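The values are calculated or read from the model by the stated rules, or taken from the named source; none is laboratory data. What you see is a predicted model, and the numbers here were worked out from it, not measured in a lab. Cβ sites come from the backbone with ideal geometry, for glycine too, and all protein chains shown count toward neighbours.
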Amino acid sequence: MSPRRAETGGRIDRLRTIRFTFDGSPYTGHAGDTLASALLASGVTLFGRSFKYHRPRGLLAAGVEEPNALVTVLRGEVREPNIPATMVEIYDGLVAVSQNRSPSLAWDIGALNQLGGKLLSAGFYYKTFMGPVFGPLKGTRFWMFCEHFIRRAAGLGKASIAPDTARYERMNAFCDVLVVGSGPAGLMAAKAAADQGARVILAELEARFGGSANWSDETIDGAPAADWAGRIVGQLEGNDNVCLLPRTTVWGYYDGNTLAALERVTDHKEVPAKGEPRQRSWAIRAKTVVLATGSFERPLVFPGNDRPGVMLAHAAARYANQYGVLPGERIALFTNNDSAYRSALALKKAGAAVVAIVDVRSDVSNEMSRLASEAEAELLAGHAVVATEGGKALTGLKVQRFDMMSGALSGDERSIHADCLAMSGGWSPTIHLASQAGAKAEWDPAKQAFLPPQPTQRWIGAGAFTGSFSTAQAIAEGRAAGLQAAGGSASSAPLPVVEAAPGDPDPAPVFEIKAKGKSFVDFQHDVTAEDVRLAHREGFVSVEHLKRYTTLGMATDQGKNSNVPGLAIMAEALGKPIPEVGTTRFRPPYTAVSIGSLAAERFGDLKPERLTPMHDWHIANGATMYSAGLWYRPMIYGLPGETVEQAYVREAKATRESAGIVDVSTLGKIAVQGPDAAEFLDRVYTNMFSTLAVGKARYGLMLREDGLAFDDGTTWRLGEQEFLMTTTTANAGKVMQHLEYFLDVIWPELKVTVTSVTDEWAGAAIGGPKARAILAACVTGTAVDNAALPFMGIVHGRIAGVPVVICRLSFSGEMAFEVYSGAGYGTRVWEALVEAGRPLGLVTYGLEALGTMRIEKGHVTGAEIDGRTTARDLHLEWMLSKKKPFIGSAMMDREGLISPERLQLVGLVSLDNRPFNGGAHIVEELDEENPHDSIGHITACCYSPALGKYIALALVKDGKARHGTRAFVSDPLRKRFGPIEIVSNHFYDPDGSRMHG
Amino acid sequence: MLITCPYCGPRDVIEFTYQGDGNRERPQPASQDLDAWNAYVYDRLNPAGDHNEIWQHSGGCRAHLRVVRNTLTHEILSTAFARGGHKTESRS
């Protein structure tokens, strides 16, 4: 048997031995042990090195609030740092290592920092690294030089570099009552609510339900409290309407009574069962929440209170009662309240010698005196611990007479030999979730604690969380809360009977013993009482500033132990009562949450891919694909050995010489239908659509409400009340939402429906001098000559037996047609067109050639309709109807939008025969070294096979007036400067003779 | 945050798109009152408390809703179709 493990007692299974390693050494423990209890049982006292001073540290607590004993758990290549050893359940093969020490925990070079204590006080970084005003280390350079060494010396565990290979899950849950915490209050609440038929979730952050019942000495209904808890859990397990979640930390309370929880599903297992995730992230929507989260015992602040062997009183009792481990053989207690007497008695019963109970209060009740003698402990009332002794383990302590009112110490120091000091500075309700949910906590001067605020959301508190620290109160409040949460009426049935040692829950208002030596307030961040006072002397009066300057409560434990003592010391320094100093608000998460669990299955590239119906054909026929938003579109259909430029030049040239075909299925398509469809389009487009004949299409422009250009496209009138609107690929979603907004919110009286049909249609644009001949060769059921299909005309026919709609319109500037068919038949129609075109020299072309031909024609796209340009800037003023108001018509003529100073669309020709870059600026002066006074920028550029030149579209100040003038293109980042000529944006076939035929 | 869509029932906020302050009055289409247009296009109320807002159930039925939301607590006080009818009061 291990040196400190009792022969009997506790909630561990001594028949099951578990083997694990800590810092490379093998250890054993039993089923039911945490890493902390198993190591303590093996005689380990040193668990970690402190953050700044590298002081040796042992266990302070036994639960989630442990600040000192942080370890890294290794699983293969993956390491998880900064886990409290108190929260690690041991399993066969567990590999854990200590942190912040070099070369080993026992021999740590960083411990030299203790000698430099004055240097490392509050604000150390700010004061030390304000570099000189001049010289090689001026400003922050000294800090940058030192940072590497400091970051290595100060800190916690190292993060994993290896990718996290574990699987995580997400779960959404809904319930009537969520009970957080499964101590006596939580169990009663869950039971009462479940008995009412409510859907209940009970979340417990530890492995075992029961909370304090697992280690208290109390009996409930005549049985040990743990047995009673086990019985209630058994009853809950059998209920279909109850979901029990052990190892589940509710870490966030968000609006709408939505709570976030993390379930550690397999962290305690050597090998997860098939399909089990490592952790599961819960979003729980609860109609009502019962907060039964208990309370934390507070440490007392006195010199040497961080020495290994000094721990919280309840934790010492818990190690004895729950794990059968004695934290020491000769144990002393130091307290400002009655609860430590119960701990003393528990430790005595477990087999330890309780050498002394040091109580800051001079008058201790008779009941407590009786408990002290029952524990065979010397009672030192009106005394305080002023020092502790020992290195990596406690060897003794010194006490002195103490006056509670003045805080003065008097008389001789007396030494007491002890290897464990159990302390209690009172209890703080665990109000974190309530604080997250809303209002500020309220200070209770009798209980010396912040109590939960009035609920701002639908929660009910029960037990120690509310400041009711006795088990009998917890049971009563728990049942009442459960009944209320489930909508039941109060019950007068008898409550379970609790037998407990007596005690007054209110502590004496003593937080600190002022004596020589380092007295720690925040153990994890190494903040001392003197640091808090120093911050006050240096002028920090707000609790928020104090917190940031000293880093009090900002470590991974978020000040679970240190908040209230820190505030109390600050309040004393300010000469104000604690409530006037205030408290900081708790924020999620309550404990650390793995990033993996938040991401769950959502990692990698989460964007959906949108593929056109002809996608596979493009790939099979040599297209290089290009991602445009979510869409994938052919960029070029390159031949072997061709560059991108060679390919698009070939494609564009062939289109203008014979014919080319391009996939336009990505254009946004919206069916606009209803009796008022034409009227609606008149309102949303700048030009008229009500006058459009059935069977004809028209190019349309939309503005935003503020008068700037929004989107363009053609809209086809398929019937008296039926239009097919096309939008640019990128704006399809925005235009849809725009139309829906106006129909729902602004003009609900219009009888119109809009339906997104983008994915229903496959589209192919075929253009060039031979385009009409190619159509004639494959279309049946309609003529396609000029009489049947004039410019902007629409016909219905068939290609390869598939019904198609053909509209004669042109983006390339050639005689061109858009052929639409049902999406499922897109490839069939495409192949038929390609086959019919083969003898006539038809080429397939991609986005690059499409862009080249539109630049040659001077058409605008999203690069020019960039949210800053007006219709006039783009020379589209001819589209602004004067006969009707439309969206944007009232705002488009504002002074700033019609100024001649505005950037206007122009064409540019490269005069040095070198390519342009998109985004390059235009300047007037020949000053390559110091380009200045930009008059505009390039929006799109290409090599124009039709002109045999490098050309571009640009937005240039007062551009129209500059046609025929020269300027320079300046692109310093890409080292491009050269002469240009500013011309009209209509480079090619400006009168449209090719298009009209 | 849950928004009760009159069609679809209570849904998570991620299904919705905020479409702005619901107090704005659009001038008559032919109005030339630039001040009124300016107020409509650019001015937004930003109260600390109950706020009349437009939300679109973009990940659902796509209807626009008039939602009264408390900007301090995110409590949804009522929802209704922007087109009118089917108001759902939800203050408890």
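Within region A:6-22, the set of residues being part of a strand (DSSP E or B) and surrounded by fewer than 19 Cβ atoms within 10 Å (Cβ to Cβ) comprises A:Asp13, A:Arg14, A:Leu15, A:Arg16, A:Thr17, A:Arg19, A:Thr21. Against the test of being under 20 Å from A:Ser594 (Cβ atoms), touching a helix residue (DSSP H, G or I) at 6+ places or on another chain (Cβ under 7 Å) and polar (S, T, N, Q), the options A:Ser295, A:Ser281, A:Ser343 yield a single qualifying residue, A:Ser281. Only one of the numbered conditions (1) closer than 30 Å to A:Ala317 by Cβ; (2) at pLDDT below 90; (3) not hydroxyl-bearing (Ser, Thr, Tyr) is not met by A:Ile90, and that is (2). From the list A:Glu651, A:Glu679, the one residue that fits, being more than 14 Å from every other protein chain (Cβ to nearest Cβ), assigned to a helix (DSSP H, G or I) and either touching a residue at least 40 places away in the same chain (Cβ under 8 Å) or not small (Gly, Ala, Ser) (or both), is A:Glu651.
Of the strands (runs of 3 or more DSSP E) that lie entirely inside region A:694-773, those containing 3 or more residues that are away from every other protein chain (no Cβ under 14 Å) span A:697-703, A:709-719, A:722-727, A:761-767. Return yes or no: is A:Arg914 at pLDDT 95 or above and either in the same structural domain as A:Gln646 (by TED's automatic domain parsing) or more than 30 Å from A:Val644 (Cβ to Cβ) (or both)? Against the criterion (at pLDDT 95 or above and either in the same structural domain as A:Gln646 (by TED's automatic domain parsing) or more than 30 Å from A:Val644 (Cβ to Cβ) (or both)), A:Arg914 does not qualify. For B:Ile14, the conditions (1) exposed (fewer than 13 other Cβ atoms within 10 Å of the Cβ); (2) within 9 Å of another protein chain (Cβ to nearest Cβ) are fulfilled apart from (2). Among the numbered conditions (1) without any contact (Cβ under 8 Å) to a residue 60 or more places away in the chain; (2) within 18 Å of A:Ala623 (Cα to Cα); (3) hydrophobic (A, V, I, L, M, F, W, C), the only one that A:Val802 does not meet is (2). Within region A:872-887, the set of residues being touching a residue at least 24 places away in the same chain (Cβ under 8 Å), assigned to a loop (DSSP other than H, G, I, E, B) and farther than 21 Å from A:Ile922 by Cβ comprises A:Leu876, A:Leu880, A:Ser881, A:Lys883, A:Lys884, A:Pro885, A:Phe886, A:Ile887.
In region B:58-74, of all residues being touching a Cys at 6+ places or on another chain (Cβ under 8 Å) and surrounded by fewer than 19 Cβ atoms within 10 Å (Cβ to Cβ), the one that is nearest to the other protein chains (Cβ to nearest Cβ) corresponds to B:Cys61.
The residues listed here are A:Gln484, A:Gln448; of these, the one that is surrounded by fewer than 23 Cβ atoms within 10 Å (Cβ to Cβ) and either over 30 Å from A:Ala384 (Cα atoms) or touching a Gly at 6+ places or on another chain (Cβ under 8 Å) (or both) is A:Gln484.
Scanning region A:44-59 turns up at least one residue that is free of Cβ contacts under 8 Å to residues at least 40 places away in the same chain and over 19 Å from A:Ala207 (Cα atoms).
Restricting to region B:17-30, give me the number of residues that are in a strand (DSSP E or B) and more than 8 Å from chain A (Cβ to nearest Cβ). Reasoning before the result, please.
Of all residues in region B:17-30, those in a strand (DSSP E or B) come to B:17-21.
Adding the requirement that they be more than 8 Å from chain A (Cβ to nearest Cβ) leaves B:18, B:20-21.
So the answer is 3.
The residues in region B:18-49 that are surrounded by 12 or more Cβ atoms within 10 Å (Cβ to Cβ) and of a type in the set (D, E, K, R) can be counted, and the count is 4.
Checking each residue in region A:828-852 for being under 20 Å from A:Ser627 (Cα atoms) and not in a loop (DSSP other than H, G, I, E, B) picks out A:Thr844, A:Leu847, A:Glu848, A:Ala849, A:Leu850, A:Gly851, A:Thr852.
Listed by first and then second residue, the pairs linking a residue in region A:888-899 that is under 19 Å from A:Asp682 (Cα atoms) and within 9 Å of another protein chain (Cβ to nearest Cβ) to a residue that is part of a loop (DSSP other than H, G, I, E, B) and modelled with pLDDT of 95 or more, with Cβ atoms under 6 Å apart and 6 or more places separating them unless they lie on different chains, are A:Met891/A:Asp706; A:Met891/A:Gly707.
Let's see how each residue does on (1) surrounded by 13 or more Cβ atoms within 10 Å (Cβ to Cβ); (2) modelled with pLDDT of 90 or more:
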residue: A:Arg533; (1), (2): yes, yes
residue: A:Val543; (1), (2): yes, no
residue: A:Thr551; (1), (2): yes, no
residue: A:Ala555; (1), (2): yes, no
residue: A:Glu580; (1), (2): no, no
residue: A:Thr584; (1), (2): yes, no
residue: A:Thr624; (1), (2): yes, yes
residue: A:Ile636; (1), (2): yes, yes
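Cβ-Cβ contacts under 7 Å between residues 6 or more apart (or on different chains), taken from a first residue in region A:554-565 that is of a type in the set (Lys, Arg) to a second residue that is modelled with pLDDT of 85 or more, are listed as A:Lys560/A:Glu65; A:Lys560/A:Phe296. For region A:490-514, the tally of residues that are touching a helix residue (DSSP H, G or I) at 6+ places or on another chain (Cβ under 7 Å) and more than 16 Å from A:Lys191 (Cβ to Cβ) stands at 6.
Looking at region A:950-957, is at least one residue at pLDDT below 95 and surrounded by 14 or more Cβ atoms within 10 Å (Cβ to Cβ)? Checked against the condition, which is being at pLDDT below 95 and surrounded by 14 or more Cβ atoms within 10 Å (Cβ to Cβ), region A:950-957 yields no hits at all. Could you look through region A:451-470, keep only residues that are farther than 14 Å from A:Ala189 by Cβ and among the polar types (S, T, N, Q), and pick out the one that is surrounded by the fewest Cβ atoms within 10 Å (Cβ to Cβ)? Filtering first and then ranking leaves A:Gln454. Checking each residue of region B:31-43 against the condition of being modelled with pLDDT of 95 or more, over 25 Å from A:Tyr254 (Cβ atoms), in a loop (DSSP other than H, G, I, E, B) and more than 9 Å from chain A (Cβ to nearest Cβ) gives at least one match.
Just to be sure before I move on: is A:Pro900 modelled with pLDDT under 95, touching a helix residue (DSSP H, G or I) at 6+ places or on another chain (Cβ under 8 Å) and farther than 30 Å from A:Ala764 by Cβ in the structure I sent? Judged against the criteria, A:Pro900 is a match. Scanning region A:589-622 for residues that are buried (at least 16 other Cβ atoms within 10 Å of the Cβ), not in a strand (DSSP E or B) and not hydrophobic (A, V, I, L, M, F, W, C) turns up A:Pro589, A:Tyr590, A:Thr591, A:Ser594, A:Gly596, A:Ser597, A:Thr612, A:Pro613, A:His615, A:His618. Residues in region A:407-426 that are surrounded by 18 or more Cβ atoms within 10 Å (Cβ to Cβ) and of a type in the set (S, T, N, Q): A:Ser424 only. For region A:713-745, the set of residues classified as of a type in the set (Lys, Arg) and surrounded by fewer than 21 Cβ atoms within 10 Å (Cβ to Cβ) consists of A:Lys734 only. Of the residues that sit in region A:491-531 and are of a type in the set (Val, Ile, Thr) and buried (at least 20 other Cβ atoms within 10 Å of the Cβ), which one is nearest to A:Ala476 (Cα to Cα)? Checked region A:491-531; the qualifying residue nearest to A:Ala476 (Cα to Cα) is A:Val498. Taking the numbered list (1) over 17 Å from A:Ser910 (Cβ atoms); (2) in contact with a Leu (Cβ under 6 Å, 6 or more places away or on another chain); (3) among the hydrophobic types (A, V, I, L, M, F, W, C) in turn, A:Ala961 passes all entries but (2).
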